[in-house]
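Colleague: For reference, the structure I am asking about is given below.
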Amino acid sequence: MDILAPTANQEIHLAPWPVKTAIDLELSQETRHRIEILANKQFRNFPRLNDASIFGDHVSAGYQEGPLLLLEDHRDIELMPEDRVASHEYRMLGLARDDDFLLISRPRIKSFETYSRNVFGHDGPHIIEVDRGDSRLRVPLAAACLNNEAALSKLAAAAARAGTFNICPYLSTGHDWLLGAEIARRSGCPVQICAPLPQLSRLVNDKLWFSNHIKMILGKDAVPPTYSVYGPIAAAAILGKLARTHDRLVIKLPASAGSMGNLVMESDYVRSLTSRELRDELLERLHAIGWRDRFPILIGVWEVAALASPSAQVWIPRAEDGPPIVEGIFGQILAGENQSFIGATAIDLPQPLEARFYQEALEITYYFQCLGFFGRMSLDALLTGPDLSNAALHWIECNGRWGGVSIPMTAARNLPGIDDSSELLVVQRVFRDRNIAGFDALLKDVSTWIYSRDKGEGAVFLEPTDQFQQNVTFFVVAPTQAAARHIGASILQTVTPHAVRGIT
């Protein structure tokens, strides 16, 4: 599967970067009509779901050819520790073009910026620094920009010169839209947010909302058994009920990212507790991970015998520009009891299963498009059963934002000299308990495996390493998956021998 092969997109303004349809598939008129009816029902419950008027007449979801401001802010992700809110601000640098802008509040690493310019073969974007102040206040990155006159003036001037402006946030929030409104006011030009309205963003990223709406679109068997729970007594009762027929259970905080808000419990242990003991145990463990007594929470069955964890990477354009574009299927590499994301690679599925996966992914994302969603999205699923030829497909959650696969997948297409048939491997490791070399030293240590246009293969780092950020994030492009895994494993072996799991 040529994950990296792009299609031309500039004439219809789908996105600031190349997008690519992985499969030639269209929904039937009957299916589209059924989904449109479901979406219209939501507007009766949420009449302002797709209403941007609160932000003024000159800000909308979409993209127009012109300068782009990129910002990756994890402030609004539930349970995100204070010291990690700003830690990934450099990661979207690989998406930028000449004369774009990247907004950061973390200390600058000039050597990483030089490296990025060299590897992507351009002059690079303008880096705009703002101060968030006391980290305990969790000031949003866009809000810090709104309070910085020099930054605002620079962005408004760029908008005025181009006659338009675009903002691409990692996760759409009201602060990003307010920033767009202020740039529009100052420049007198339209501003497009390459993301959905914040009210829709909150819904699609909510695990409970997603589960309920997948049942509505695809049927109750499209998700594992899940329950919305509104109190600790009800939670203990449902855990006790599920423990009688399932081996392992999971409690999820609806707005957390990935596995950050997951608690896994063995059913044998659940059955050994009284209802009061189970309630107290649940509350203690939830508080330990930072939960703030907000209900509902999700309780469900943890699918122990999962064959694979595929993820659909999707770009959803404006409805008038065409249907959602499913760009590919990646197999997520997960580790630990909570199945934390540590990497991904393209996955091959049996043809009937692959066709069903694409069909259902397209139905789900068409529903979101009918609600007004624009921008990047990924859909995570689990495949369970005796083997892939007889696997059940369960949809787990939606990331209505950028993420650990979509950023490297898109950045890889910006590489000069890239072969469209190249295989892609994504690697992400966090080492908070180990010392990692600074970025200059790291590059020197792994120079053998670094990407260059002449080789047409190798690793590309998406973030620097330093005392501020004790993790390694990179992707590898190579002619084969075996070659990509060898490069990835070689780099991790150099960083620390303990990091190679899941790659070899």
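Colleague: Assigning unit charges at the beta carbon (Lys, Arg +1; Asp, Glu -1) and nothing else, what dipole magnitude in debye, to the nearest 20, does the chain show about its Cα centre?
Modeller: It works out to roughly 1020 debye.
Colleague: A further question on this structure: Find which of 411, 323, 393 sits farthest along the positive direction of the dipole of the range 306-495, computed with +1 on the beta-carbon of Lys and Arg, -1 on that of Asp and Glu, about the Cα centre.
Modeller: So the residue we want is 411.
Colleague: Placing +1 on the Cβ of each Lys and Arg and -1 on the Cβ of each Asp and Glu in the chain, which of 456, 228, 381 has its Cα farthest towards the positive end of the resulting dipole?
Modeller: 228
Colleague: Highest mean first, how do 124-131, 49-56 rank when packing is the count of other Cβ atoms within 10 Å averaged over residues?
Modeller: Most protected by this proxy first, the peptides run 124-131, 49-56.
Colleague: Over the chain, what portion of Cα pair distances is larger than 32 Å, expressed as a whole percent?
Modeller: The proportion of pairs with Cα distances above 32 Å equals 42 percent.
Colleague: Only Lys, Arg, Asp and Glu count, each charged at its Cβ (+1, +1, -1, -1), so figure out the dipole size of the range 263-398 about its Cα centre, rounded to 20 debye.
Modeller: In debye, rounded to 20, the range 263-398 gives about 320.
Colleague: At a 1.4 Å probe, what is the % contribution of carbon and sulfur to the accessible area of the chain?
Modeller: Its accessible area is 49 percent carbon and sulfur atoms.
Colleague: With θ set to phi - 60° and the Karplus curve 6.51 cos²θ - 1.76 cosθ + 1.60, what are the ³J(HN,Hα) couplings of the range 196-207 in order, to the nearest whole Hz, using x for Gly and Pro?
Modeller: x, 4, x, 5, 6, 4, 4, 5, 5, 8, 8, 5
Colleague: Given the options 297, 274, 239, identify the residue whose Cα lies farthest towards the positive end of the charge dipole of the range 225-301 (+1 on Cβ of Lys, Arg; -1 on Cβ of Asp, Glu).
Modeller: 297
Colleague: Could you tell me which Cys residues in the chain have no other cysteine's Cβ under 4.7 Å from their own Cβ, answering none if every one has a partner?
Modeller: Flagged as lacking a Cys partner: 145, 189, 370, 398.
Colleague: Nearest 5 is fine: what % of DSSP beta bridges in the chain come out antiparallel, could you say?
Modeller: The antiparallel fraction comes to roughly 75 percent.
Colleague: Okay, helix-only estimate at 222 nm for the chain: each DSSP H run of n ≥ 4 adds -39500 (n - 2.57), divide by all residues, round to 500 deg cm²/dmol; what do you get?
Modeller: One gets -10000 deg cm²/dmol as the mean residue ellipticity at 222 nm.
Colleague: A further question on this structure: Ranking request for peptides 107-119, 202-214: highest mean number of other beta-carbon atoms within 10 Å first, then the rest in descending order.
Modeller: Ranked by mean Cβ neighbours within 10 Å, highest first: 202-214, 107-119.
Colleague: Another one. Per residue, what accessible area does the chain have, given a 1.4 Å probe and all protein chains present, in Å²?
Modeller: Accessible area per residue: 41 Å².
Colleague: Now a separate question. So how much slack lies between residue 135 and residue 440, counting 0.36 nm per residue of separation and subtracting their Cα-Cα distance, in nm?
Modeller: 107.1 nm
Colleague: Right, next: Nothing charged except the Cβ atoms of Lys and Arg (+1) and of Asp and Glu (-1): what's the magnitude of the dipole of the range 53-196 about its Cα centre? Round to the nearest 20 debye.
Modeller: Roughly 160 debye, rounded to the nearest 20.
Colleague: If you don't mind, there's one more thing I want to ask. Just to check I understand the Karplus step: with θ = phi - 60° and J = 6.51 cos²θ - 1.76 cosθ + 1.60, what whole-Hz values come out for the range 54-64, glycine and proline as x?
Modeller: Listing the rounded values in order: 4, 9, x, 7, 10, 10, 8, 7, x, 8, 10 Hz.
Colleague: Taking the mean number of other Cβ atoms within 10 Å as a proxy for protection, how do you rank 355-366, 405-416, 272-283 from highest to lowest?
Modeller: The peptides rank, most packed first, as 405-416, 355-366, 272-283.
The values are calculated or read from the model by the stated rules, or taken from the named source; none is laboratory data. Quantities reported herein were computed from a predicted structural model and do not represent experimental measurements. A quick note on method: Cβ atoms are made from the backbone with ideal geometry, for glycine too, and the neighbour counts reach across all protein chains shown. Side chains are part of the model used for accessible areas, which takes the heavy atoms of the whole protein and leaves out ligands, DNA and RNA. Shrake-Rupley method; radii C 1.70, N 1.55, O 1.52, S 1.80 Å.
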